[in-house]
Amino acid sequence: MTKEWDFKISSGLKDIIGKELITNDRIAIFELIKNSYDANAKKVTTVFQNIKEPRKTNPSKILIIDDGDGMSETDLKEKWLFVGYSDKKYFEQELKKDYRQKIKNNRFFAGAKGVGRFSCDRLGSKLKIYTKKDNESKIHYLEVDWTKFEEDQKKEFQTIEVHYSTLDKVDIENYQIKEFSKGTILEISSLNDKWDKIKLLELKKYLQRLINPSSGEEEQEFKINLEAKEYLEDDKKVKKDEEYNLVNGPVKNVVFEKLDIKTTQIKSSISDGKIKTELIDKGKFIFSLEEKNEYPDLDNININLFYLSQAAKNAFTRLMGVEPKNYGSIFLYKNKFRIHPYGDEGDDWLDLEKRNGQGYARYLANRELMGRIELNGSQ
């Protein structure tokens, strides 16, 4: 006798793909920022409220506010509440059918697995979503209490209810939204961890390294702002040459080139069947080389490397407020966003330290290099 059974999904899945997969608060916020990017936002603001002295009548909150495409009722129900669903997979399938037309008016997606939304649970146990598409008159409102998924793991995931309604305006306590024609606002409360000035500055530095710092126009179309008004007075005391100690303001894409540190630089690009390489020393062009690309699977790649002499290390520390060895080495980016853990302190993903040990005078180590490798497209 043959029987056909269905899988059942425990409500405990929420923790597995949320708190246990997204290992810290900084990654959680970045995942939500990537969602804003994927929604074609030009600007996203991360707001921290009442984090110095939270009270029951005035609790701590995190707001993620973007001006992206927003979501319809159908989007919320069929996509946001559909665990594991990702538009990226559908987008890449369509891209294969008509590459040039699709890429013309679309960003490549930064998110991949359809679980970034569970970053909200990592940050706090209560979530309110306000979202609106440009051609709609009503604001869609969704309220999620993540603690309900933790009450009984024998309950099936899809049986836990969330509350949906429509609103005429966004009503967030102690925060005014002047205009909300389209986009998404995440209001996260009952925060799981404390946020102080040190943690906010660490977040800002973390976000700086996560966005591809290439200087083209397209990269400037997406801006990230950090807002914590409780630290505005502290920011006024920061010296001009110590901007890295500012809590409030834009997260600037730190480009090594723009720091104007005079050192040796190698630039290389792989595209259209060719590998082009330039050598620049202290701002002066030395030579260039163009070769046939004998590796057909490598395409649409840019590489930018800087040699860190002791003078360059000292200049970097003075300008950035952190030593290069604690900042990272050679970062890997795909479609403008950094891929972890490549380039982190202590991560020798290119085996540079290993090779340096084989010939100290012949090879460079991680501590002597800084730069990025950029992969673009659907590869």
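The values are calculated or read from the model by the stated rules, or taken from the named source; none is laboratory data. Given the structure is predicted, the values throughout are model-derived calculations rather than measurements. FYI the Cβ positions are ideal-geometry reconstructions off the backbone, even for glycines, and counts take in every protein chain you see. What goes into the accessible areas is simple: the full protein's heavy atoms, side chains included, and nothing from ligands, DNA or RNA. Shrake-Rupley method; radii C 1.70, N 1.55, O 1.52, S 1.80 Å.
Pairs from the list 56/204; 197/229; 133/204 with a Cα-Cα gap above 19 Å: 56/204; 133/204.
Can you give me the Rg/Rh ratio for the chain, using Cα atoms for both radii and the Kirkwood formula for Rh? Taking Rg over the Kirkwood Rh, I get 1.00.
First compute the accessible area of the chain with a 1.4 Å probe, then give the percent of it belonging to carbon and sulfur atoms. Percent of accessible area from carbon and sulfur atoms in the chain: 48.
Projecting label points 7 angstrom from Cα along Cα→Cβ for residue 293 and residue 311 puts them 3.6 nm apart.
Under 14 Å from a label point 7 Å along Cα→Cβ of residue 241: give me every residue in the stretch 306-321 with its amide N that close. Taking a point 7 Å out along Cα→Cβ of residue 241, the residues of the stretch 306-321 whose backbone N falls under 14 Å are 314-321.
Counting only residues at least eight positions apart within a chain, or on another chain, the aspartates and glutamates with an alpha carbon under 14 Å from that of residue 325 are 344, 345, 347, 348, 353, 368. Spin-label pair residue 230-residue 16: with each label point 7 Å from Cα along the Cα-Cβ axis, the two points sit 3.7 nm from one another. Here the calculated FRET efficiency for residue 163 and residue 351, from their Cβ-Cβ distance with R0 = 45 Å, stands at 0.30, rounded to the nearest 0.05. The residues of the chain expose on average 59 square angstrom of accessible surface per residue, using a 1.4 Å probe on protein heavy atoms. Rounded, prolate or oblate, given the Cα gyration tensor of the stretch 307-375, with a/c below 1.5 counting as rounded? In terms of gyration-tensor shape, oblate.
Pairs exceeding a 32 Å alpha-carbon distance, out of 8/138; 77/155; 43/276: 8/138; 43/276. Around the amide H of residue 331, modelled in the peptide plane, lie the amide H atoms of 371, 372, 373, all under 5 Å away and 5 or more residues distant in sequence or on another chain.
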